[in-house]
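Scroll down for the structure; my scribbles are underneath it.
The values are calculated or read from the model by the stated rules, or taken from the named source; none is laboratory data. Predicted model, so just to flag it, every value in this text is computed and none were measured. Reconstructed Cβ throughout: ideal geometry from the backbone, glycine too, with neighbour counts over all protein chains shown. Just the protein is used for accessible areas: all its heavy atoms, side chains included, with ligands, DNA and RNA removed. Shrake-Rupley method; radii C 1.70, N 1.55, O 1.52, S 1.80 Å.
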Amino acid sequence: MAEWEFTITGCGTSHGSPMWGRPDWWSSDPRDRRRRSGAFLRGPQGQVLLFDCGPDLAHQMTDPYLDWDGLAYPSRCVTRCDGVLLTHDHADHCHGINDLRHLNRLMRGDGIAIHGEQGHLDQLRAMFPYCFGAGEDTYAMSKPTLRTVALRDGVTTIIAGMPVTPFAMSHGLAGRTTGFRCGGMAYCTDVKVLPETAEPHLRGLDLLALGVLRDELHPTHQNWDEAQAVISRLRPRRTVMIHMGPEVRYAAWEPRLRPDLALAVDGWTTRFEAA
Ligand SMILES: [Zn+2]
Ligand SMILES: [Zn+2]
């Protein structure tokens with residue numbers, strides 16, 4: 001069984017944190033600085049699968065572990081991409097698509113496949129036609145070279161050596177999102193209700209990355225209590241909470257954490273078994 005790395009490059013919501021114009025939500029705790037949503041898997045041959053390509057992608061790829069001193073070259077930057085797993089078409093999850101051209105460049109022009117649900121892929125193509133071959137290339141790699149690959153819910157596909165099973169989740173009023181089971185872990189951001197059809201894919205998990213917005217209820221995201229109910233039902237060995245709102249204070253939630261329950265910070269990283 002091969003070990004893979006899972007790293008969270010952004011654990012914030014669409015606003016990120018701090019949210020400008022909200023001095024009342026300012027926190028001087030560095031654990032409360034959150035880039036917009038993003039994460040990746042890295043396999044034993046160095047292959048990289050991104051979860052989404054949000055608006056902070058360039059910063060996330062430059063300094064994925066948030067440990068760059070800003071003086072020397074950022075040698076821990078991400079320099080390849082063997083596929084993107086798209087959870088949905090919201091701006092905070094796909095508006096960094098243009099930055100994928102840098103990964104094309106670093107891979108000497110190799111194209112990148114974006115895997116996801118057909119409707120989300122159609123929206124992506126409609127929003128960013130130039131990334132999928134439309135229009136002129138004014139110079140080499142002036143725009144990304146991408147293609148889309150539609151996945152079917154519940155059907156496992158091997159992507160860059162990782163068995164990936166997508167499943168539908170409810171984003172409340174915002175429609176559906178896609179959760180991904182990848183070997184021993186699952187990535188479930190932007191979820192309000194986990195449908196019964198998703199649960200068979202979430203049994204026996206080593207690691208669950210789960211979206212938890214805040215303490216108060218919200219129409220499109222789980223709050224703390226809703227997320228805890230999901231965790232007690234699924235009983236993953238470990239859970240890391242992601243996609244926190246700018247009002248969440250790490251220090252306020254820290255006393256609630258348990259050995260099996262972590263709160264993400266940007267750069268949070270772990271290893272898990274792929275199968
Ligand atoms: Zn989001
Ligand atoms: Zn969303």
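Once both labels are positioned 7 Å from their Cα atoms along Cα-to-Cβ, the gap between Arg249 and Glu199 label points is 3.6 nm.
The packing ranking, built from the mean of other Cβ atoms within 10 Å per residue, places the peptides 225-232, 8-15 in the order 8-15, 225-232, highest first.
When only alpha carbons of the chain are considered, Rg and Dmax amount to 17.8, 55 Å. Among beta bridges identified by DSSP and lying wholly in the chain, the antiparallel ones come to about 60 percent.
Would you mind telling me the share, in percent, of accessible area of the stretch 102-169 contributed by carbon and sulfur at probe 1.4 angstrom? Within the stretch 102-169, the accessible surface is 52 percent carbon and sulfur. Only alpha carbons enter this Debye calculation for the stretch 66-110, each as an equal point scatterer, and the log10 of I(q)/I(0) it gives at q = 0.27 Å⁻¹ is -1.01. Sparsely packed loop sites in the stretch 8-46 (the trypsin sites (Lys or Arg not before Pro) outside DSSP H, G, I, E and B with at most 11 other Cβ atoms within 10 Å) do not occur. Would you work out what percent of the accessible area of the stretch 195-275, with all protein chains in place, is carbon or sulfur (probe 1.4 Å)? The nonpolar share, carbon plus sulfur, comes to 53 percent.
With contacts defined as alpha carbon pairs under 8 Å and 6 or more residues apart, what's the relative contact order of the stretch 81-144 in percent? Across the stretch 81-144, relative contact order equals 42 percent.
Per residue, the stretch 122-208 exposes an accessible area of 45 Å² to a 1.4 Å probe, with every protein chain left in place. Relative contact order of the chain: 22 percent, from C-alpha pairs under 8 Å at least 6 residues apart in sequence. With no solvent and one point on each alpha carbon, what is the Debye value of log10 I(q)/I(0) for the stretch 1-103 at q = 0.17, 0.19, 0.20 Å⁻¹? Those come out to -0.81, -0.97, -1.05, one per q. Here is the list for the stretch 145-187: trypsin sites (Lys or Arg not before Pro) lying in DSSP coil, each with at most 12 other C-beta atoms within 10 angstrom of its C-beta, are Arg152.
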